[in-house]
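Each value in this text was obtained by applying a stated rule to the coordinates, not by laboratory testing. Keep in mind the model is a prediction, meaning the values are calculated, not measured. For neighbour counting, all protein chains shown are included, and Cβ atoms are generated from backbone atoms with ideal geometry for every residue, glycine included.
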Amino acid sequence: MNFARELNKVSDKHHQSQIFDDFLQMAVCAFSLGRSEEVYFERAKKYDSEEIKGFSHALGGLVLDHEKNNNSSDWKDFLGNYFEEFGQNNAKMGQFFTPVSLCNLMANFTNDDLQNENMSVNDPSCGSSRNLIAHSMKNPNNRFKFFYIGQDLDKRCCLMSVLNFVMFGMKGVVIHMNCLSMEIYGGWRIWLPETGLGITPLSVEECKSLLFEQKK
């Protein structure tokens with residue numbers, strides 16, 4: 001896996017979890033097309049030029065992994081897999097996500113014989129968004145037809161989801177929130193890659209509008 005190899009080479013001066021978190025945030029900033037420069041530089045200032053170069057190589061490796069390995073019948077969640085692997089040795093960070101095969105099975109249970117455009121598909125505890133990816137991969141037209149909404153309390157999961165939306169060419173929104181208390185902390189709007197719009201950070205009010213008013 002190009003992504004894992006390159007990210008593991010970034011630095012031995014920082015904890016693996018910090019490198020992964022900073023990679024996720026800076027990669028999301030990179031796809032935000034200048035809308036999150038302050039956030040990017042705040043994360044980047046703790047690394048030297050060679051380490052920053054390592055992050056860019058890791059992002060390039062992630063893109064290459066997706067291009068080489070993902071199709072409708074056999075897709076992989078490289079970010080989720082990496083997180084599961086390094087989280088096994090850290091009780092405070094470990095998570096295990098729904099296996100891809102089960103996500104595909106559940107996606108096949110959904111009824112997609114709908115005429116309306118921009119129907120929503122929602123996962124209120126999305127993790128790295130494997131269930132949403134599985135739905136989008138069922139049919140090549142699904143990523144155009146459906147608007148995907150991922151929500152999670154763990155910001156790391158939200159950032160993985162945002163990048164997975166980008167990698168798999170999905171349109172929608174990822175919202176960092178507590179779905180039990182309905183407290184919202186922020187979010188991201190992800191546009192189809194064909195639009196060239198990348199990622200737009202969302203305020204709490206914009207997240208509420210997308211969730212409760214379903215504004216386009």
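What is the range 16-65 by shape, rounded, prolate or oblate, if you read a ≥ b ≥ c off the alpha carbon gyration tensor as root eigenvalues and call it rounded for a/c under 1.5, prolate for a/b larger than b/c, and oblate otherwise?
Here the range 16-65 falls in the oblate category.
Contour minus end-to-end for THR110 and ASP154, with contour as 0.36 nm per residue of separation and end-to-end as the Cα-Cα distance?
13.2 nm
Which one of LEU64, ILE19, LEU7 is farthest out on the positive end of the charge dipole of the chain, using unit charges on Cβ (Lys, Arg +1; Asp, Glu -1) and the Cα centre as origin?
The one lying farthest along the dipole's positive direction is LEU64.
How large is the direction-averaged shadow of the alpha-carbon convex hull of the chain, in nm²?
Projected area, direction-averaged: 12.1 nm².
Which part of the range 171-206 falls in the paramagnetic zone of ASN70, meaning amide N under 17 Å from the point 7 Å along Cα-to-beta-carbon?
Output list for this probe position: 171-174, 189-200.
How large is the dipole of the chain about the Cα centre if only Lys and Arg carry +1 and Asp and Glu carry -1, each at its Cβ, rounded to the nearest 20 debye? The partial results should precede the final answer.
Numbers: 22 positive and 27 negative charges, 23 e Å.
Here the chain has a charge dipole of around 120 debye.
With respect to the cross-link table entries LYS13/LYS68; LYS46/LYS68; LYS68/LYS145; LYS68/LYS138, which display a Cα-Cα separation exceeding 28 Å?
LYS13/LYS68; LYS46/LYS68
Determine the relative contact order of the range 150-202: mean sequence separation of Cα pairs under 8 Å and six or more apart, normalised by residue count, in whole percent.
Contact order relative to length: 31 percent.
What do you get for the angle between helix 16-30 and the principal long axis of the chain? Use alpha-carbon atoms, 0 to 90 degrees, nearest ten.
Compared with the principal axis, the helix lies near 60 degrees.
Tell me, what is the percent relative contact order of the chain, built from C-alpha pairs under 8 Å that lie six or more residues apart?
Values: 331 pairs, mean separation 35.9, N = 216.
With pairs under 8 Å counted, the relative contact order is 17 percent.
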